[in-house]
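Okay, structure first, notes after.
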Amino acid sequence: MKIMPEHLARGAYVYVRQSTADQLAHNHESRRRQYGLADRARSLGWNDITVIDDDLGRSGSGISRPGFEKLLAAICEGRVGAVLSIEASRLARNGRDWHTLIEFCGLVGTVIIDEDGIYEPRHPNDRMLLGMKGTMSELELSILRARSIEALKAKARRGELFLTVAVGYVKSRHDRIEMDPDKRVREALTLVFKRFSELQSIRQVHLSLRSEGILLPAVCHTREAGRSIVWKLPVYNTVHHILTNPIYGGAYTFGRTCSRVTIEAGRKRIVRGFRREQADWEVLIPDHHQGYLSWADFERNQRLIADNATSKGMMPRGALRKGELLLGGLLRCGHCGRKLHVGYSGSNGNTGRYHCRGAFINHGTDPCIGFGSLRVDQAVGTEVLERLQPLGFEAALQAVVISSQQANEKRCQVVLALEQARYEAAHSRRQYDAVDPDNRLVAAELERRWDAALTLVRERQSELDALDSRKPEALGDAERLDLLRMGADLAEAWHHPNATNGTRKRIIRAVVREIVVRVEDEQIKMMVHWQGGDHTALAVKKNKAGHHRWSLAPDLDPLIEALARQLPDKDIASLLNRMVKITGRKNGWTQSRVCSFRNQRGIDVYNVGERIARREHTLKEAAEILDVRPMTVLRMIRAGHLPAEQYCKGAPWVIKRADIDRSEIQHYAKRGMRSPLSQSDAQSVLNFQ
């Protein structure tokens, strides 16, 4: 007899385990048999029985199992007289856990009981038999797993394995899928791909759908209803999954993800869901079924999504960003090979520059190159327009069609939602009509469902009426002619006030793959790589330091510097405005702007009396010194007798005191200058009384 009083003095532990959630849901008999071991323990003489079922739904192949750890702890504490399990595979499916259990049981004298017998680990024969059972259990798992995986792969290679079906498709047979017959589902998915072809960004598609309140379908699995479709406002992950799932491109795939095994705290940990590159997919069968877009369009979308992934490698261009600069993400430094960054400065943040800071950020060295954006953007934009000019008329015709389609997209989704809501209301009514009115327990619930369906119909109808009331008017004949005219002249459309920088950026990215730029000999040299494989060399002059589009006219610097020695800032501003002189940003002059100009160039402010200290006088002051009229002094200046300087028309005359004190000037002043000065001695002065 292997069960001794010392075993009965301790407790009996029943270990219950099923490997997966599916087994928990469907294999009820196996679980009943395992719980039934408690009755067998009582029949063997134990009164203290503990059932450990913490590991239901956990694999026994080596992952962490809290129930098994609890069992080992109880054995080591000497509280376990017997361990009961339906078979060895329930306790462990790997050699490490199985032999650890046998070793601990042998040390403390715990017997192991299964449906076949009772085993004492301290007996050599029983220990050998237990070891063989554990080895067979581990081998059985390996064989079953290998057979199952190979069977799955063989079926996948034929394109017949469908563990789940993406929204928008249904199983037609066990080995075939086809498009969902629900028109609303198909139209919603088609709209997602159409929006991406227009916006070229997953995030922008997501924001567009959310802003318009467009619902997307999602698959919901319940035990009662099985697979069903629910409608929700989209989240980013939903849009990303739709746009990156190859099933919508008509392709069958298998093995797009893999799992990785790591060791944590001495236990195996399996991490699933690591995405593989397309070249590493185990199965890829294009044109396997009808897709929502062609496989070529799907691959083009994946390249665009990869290009939008900023900071993932050196090659991606990045998604479109806000800002005035048109070439962000397209420029690459020809000196170091890194992407050029975009920077904005100025009070309004609209002064843009391209600069290469890769070496500075990564290694702390000096930046490579940097230059303003205006000339570079203009040169590339002009080159793009020349390439696209033959396609302008065709683009205008397409714009006319798109303008009418965009207004109908939202309405189409609401109409389909209304049609489905009416069907649900009619279905609820038929259910209500079919029930016995006296059976209020059922009739009340069906009546509530019917009322909810009618409420949804009213909401959808109100939404449709609101859309119709806000429906934009169709393009008139004049607007159509304007679109066609701008299509014939792309330059006019490019510079049109309603053309946004986002539109210009999309046009450039549609034809330009990359631009390699170098700065040499005060020139910005660019090599434009077109999408088709051609290359075009461009060169523009690089601005010198301080020269930019907001620079002042060259003649203003010396003029303001000279006027600052004659006039205060307020008078200088008035004079410049009378001369129709403007600032670099096309504004008029004010006292504060003149002050800022002086401060930036280190020009001193005008001080009252500084002209007198320099012995310089204005026209009026000179007239007071000579005791004549200002017009007399002006005639003397124009005649060339009195030296004077005027920096610009309207500026004050500058007359030196030494010239005023000259004897011939004093003589002319005493004569009164009643007639023009003459060099002829024969000319006399006439006095009128």
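The values are calculated or read from the model by the stated rules, or taken from the named source; none is laboratory data. All values derive from a computational prediction rather than experimental measurement. Note: ideal-geometry Cβ built from the backbone for every residue, glycine included; neighbour counts use all protein chains shown. Accessible surface is based on the protein model in full, side chains and every heavy atom, while ligands, DNA and RNA are left aside. Shrake-Rupley method; radii C 1.70, N 1.55, O 1.52, S 1.80 Å.
Counting just the residues of the stretch 263-273 that are under 32 Å from the mean Cα position of the chain (by Cα) and open to solvent by less than 60 Å² (accessible area, probe 1.4 Å), which one comes out nearest to Arg58 (Cα to Cα)? Working first, answer last.
Keep residues of the stretch 263-273 that are under 32 Å from the mean Cα position of the chain (by Cα), which gives 270-273.
Of the ones still in play, those that are also open to solvent by less than 60 Å² (accessible area, probe 1.4 Å) are 270-271, 273.
Numbers: Ile270: 12, Val271: 15, Gly273: 19 Å.
Selected residue: Ile270.
Being over 30 Å from Lys525 (Cβ atoms), part of a helix (DSSP H, G or I), at pLDDT below 85 and more than 32 Å from the chain's Cα centre (by Cα) narrows it down to one residue among Glu424, Glu447, Glu459; which is it? First the steps, then the outcome.
Numbers: Glu424 fails: at pLDDT below 85; Glu459 fails: at pLDDT below 85.
So the residue among Glu424, Glu447, Glu459 that is over 30 Å from Lys525 (Cβ atoms), part of a helix (DSSP H, G or I), at pLDDT below 85 and more than 32 Å from the chain's Cα centre (by Cα) is Glu447.
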Quiz item: Has the stretch 147-155 got any residue that is assigned to a helix (DSSP H, G or I), in contact (Cβ under 8 Å) with a residue 60 or more places away in the chain and farther than 30 Å from Val239 by Cα?
Solution: no
Quiz item: Could you say whether any residue in the stretch 15-25 is at pLDDT 90 or above, within 19 Å of Gly78 (Cα to Cα) and open to solvent by less than 70 Å² (accessible area, probe 1.4 Å)?
Solution: yes
Exercise. Test each condition in (1) free of Cβ contacts under 8 Å to residues at least 12 places away in the same chain; (2) open to solvent by less than 40 Å² (accessible area, probe 1.4 Å) for Phe196 and report the one that comes out false.
Key: (1)
Quiz item: So Glu115 clears everything in (1) open to solvent by 60 Å² or more (accessible area, probe 1.4 Å); (2) in a helix (DSSP H, G or I) except one condition, right? Which one?
Solution: (2)
Quiz item: Glu120 passes all but one of (1) of a type outside the set (A, V, I, L, M); (2) farther than 30 Å from Asn237 by Cβ; (3) modelled with pLDDT under 90; which number fails?
Solution: (3)
Quiz item: Can you tell me how many residues in the stretch 515-531 are open to solvent by 70 Å² or more (accessible area, probe 1.4 Å) and either touching a Leu at 6+ places or on another chain (Cβ under 6 Å) or on the phi > 0 side of the Ramachandran plot (or both)?
Solution: 2
Quiz item: Do we have any residue at all in the stretch 662-675 that's under 30 Å from Ile572 (Cβ atoms), charged (D, E, K, R), part of a loop (DSSP other than H, G, I, E, B) and modelled with pLDDT of 80 or more?
Solution: no
Quiz item: What pairs come up if the first residue lies in the stretch 497-511 and is over 12 Å from Leu325 (Cα atoms), the second is among the aromatic types (Phe, Trp, Tyr) and not in a helix (DSSP H, G or I), and their beta carbons are under 9 Å apart, counting only those six or more places apart or on different chains?
Solution: Val511/Trp530
Quiz item: Which residue pairs have Cβ atoms under 9 Å apart, sit 6 or more places apart or on different chains, and have a first residue in the stretch 1-30 that is on the phi < 0 side of the Ramachandran plot and a second that is of a type in the set (Asp, Glu) and part of a helix (DSSP H, G or I)?
Solution: Lys2/Asp126
Quiz item: For the stretch 583-596, which residues satisfy the criterion of being at pLDDT 85 or above and of a type outside the set (S, T, N, Q)?
Solution: Gly588, Trp589, Arg593, Val594, Cys595
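Which residues, taken from the stretch 35-47, are in contact with a Leu (Cβ under 9 Å, 6 or more places away or on another chain) and not aliphatic (A, V, I, L, M)? Break it down into steps so the answer makes sense when it comes.
Applying the first criterion (in contact with a Leu (Cβ under 9 Å, 6 or more places away or on another chain)) to the stretch 35-47 yields 37-38, 40-41, 44-47.
Selection gives Arg40, Gly45, Trp46, Asn47.
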Quiz item: Ser137: surrounded by 13 or more Cβ atoms within 10 Å (Cβ to Cβ) and within 30 Å of Asp97 (Cβ to Cβ), yes or no?
Solution: yes
Exercise. Give the residues of the stretch 33-67 that are touching a residue at least 40 places away in the same chain (Cβ under 8 Å), open to solvent by less than 70 Å² (accessible area, probe 1.4 Å), closer than 21 Å to Gly134 by Cβ and over 43 Å from the mean Cα position of the chain (by Cα), sorted by residue number.
Key: Gln34, Leu37, Gly67
Quiz item: Is there any pair with a first residue in the stretch 212-228 that is closer than 16 Å to Val165 by Cβ and a second that is basic (Lys, Arg) whose Cβ atoms are under 8 Å apart and which are 6 or more apart or on different chains, and what are they?
Solution: Pro217/Arg184; Ala218/Lys232; Val219/Arg227; Cys220/Arg227; His221/Arg227
Practice problem: Kindly indicate whether any position in the stretch 53-62 is closer than 20 Å to Cys105 by Cβ and out of contact with any strand residue (DSSP E or B) (no Cβ under 9 Å at 6 or more places or on another chain). | Solution: yes
Quiz item: Quick one: what pairs do we get from the stretch 125-144, first residue under 19 Å from Ile86 (Cβ atoms) and polar (S, T, N, Q), second modelled with pLDDT of 85 or more and assigned to a helix (DSSP H, G or I), C-beta under 8 Å, 6+ apart or different chains?
Solution: Ser137/Trp98
Self-check item: Counted residues, the stretch 140-176 - those being touching a strand residue (DSSP E or B) at 6+ places or on another chain (Cβ under 7 Å) and either among the aliphatic types (A, V, I, L, M) or open to solvent by 70 Å² or more (accessible area, probe 1.4 Å) (or both)
Solution: 7
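Quick check on Leu391: is it surrounded by 12 or more Cβ atoms within 10 Å (Cβ to Cβ), within 30 Å of His495 (Cβ to Cβ) and at pLDDT below 70? So that I can check it myself, show each step before the final result.
On the way: surrounded by 12 or more Cβ atoms within 10 Å (Cβ to Cβ): yes; within 30 Å of His495 (Cβ to Cβ): yes; at pLDDT below 70: yes.
Criteria met by Leu391.
Could you say whether any residue in the stretch 582-589 is in contact with a helix residue (DSSP H, G or I) (Cβ under 8 Å, 6 or more places away or on another chain), over 30 Å from Ile660 (Cβ atoms) and not in a loop (DSSP other than H, G, I, E, B)?
We begin by selecting, within the stretch 582-589, every residue in contact with a helix residue (DSSP H, G or I) (Cβ under 8 Å, 6 or more places away or on another chain); these are 583, 587-589.
With over 30 Å from Ile660 (Cβ atoms) added as a condition, the list becomes 583, 587-589.
Then drop every residue that is not not in a loop (DSSP other than H, G, I, E, B), which leaves none.
Scanning the stretch 582-589 turns up no residue that is in contact with a helix residue (DSSP H, G or I) (Cβ under 8 Å, 6 or more places away or on another chain), over 30 Å from Ile660 (Cβ atoms) and not in a loop (DSSP other than H, G, I, E, B).
Report whether or not Arg176 is out of contact with any Leu (no Cβ under 7 Å at 6 or more places or on another chain) and without any contact (Cβ under 8 Å) to a residue 24 or more places away in the chain.
Details: out of contact with any Leu (no Cβ under 7 Å at 6 or more places or on another chain): yes; without any contact (Cβ under 8 Å) to a residue 24 or more places away in the chain: no.
Against the criterion (out of contact with any Leu (no Cβ under 7 Å at 6 or more places or on another chain) and without any contact (Cβ under 8 Å) to a residue 24 or more places away in the chain), Arg176 does not qualify.
Could you please find all residues in the stretch 365-384 being in a helix (DSSP H, G or I) and either open to solvent by 30 Å² or more (accessible area, probe 1.4 Å) or modelled with pLDDT under 80 (or both)?
In the first step, residues of the stretch 365-384 are kept if they are in a helix (DSSP H, G or I); the result is 374-384.
Result: Leu374, Arg375, Gln378, Thr382, Glu383.
Residues Ala319, Ala279: which one is hydrophobic (A, V, I, L, M, F, W, C), farther than 26 Å from Val192 by Cβ and modelled with pLDDT under 90?
Details: Ala319 fails: farther than 26 Å from Val192 by Cβ.
The conditions single out Ala279.
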Self-check item: Matching residues in the stretch 199-220 - criterion: being open to solvent by less than 40 Å² (accessible area, probe 1.4 Å) and on the phi > 0 side of the Ramachandran plot
Solution: Gly213
Exercise. Six or more apart or on different chains, Cβ under 8 Å: which pairs go from a residue in the stretch 600-614 that's in contact (Cβ under 8 Å) with a residue 12 or more places away in the chain to one that's open to solvent by 70 Å² or more (accessible area, probe 1.4 Å)? Could you list them?
Key: Arg601/Glu561; Ile603/Glu561
Quiz item: Applying the selection to the stretch 34-86, what residues are under 12 Å from Tyr13 (Cα atoms), outside any helix (DSSP H, G or I) and of a type in the set (D, E, K, R)?
Solution: Asp48, Asp53, Arg79
Exercise. Identify the residue in the stretch 590-623 that is part of a loop (DSSP other than H, G, I, E, B) and of a type in the set (S, T, N, Q) and, among all such residues, is farthest from the chain's Cα centre (by Cα).
Key: Thr618
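Across the stretch 633-661, what is the total count of residues that are hydroxyl-bearing (Ser, Thr, Tyr) and modelled with pLDDT of 85 or more?
Kept after step one, since they are hydroxyl-bearing (Ser, Thr, Tyr), are these residues of the stretch 633-661: 647.
Those still in the list that are modelled with pLDDT of 85 or more too: none.
Going through the stretch 633-661 one residue at a time, the tally reaches 0.
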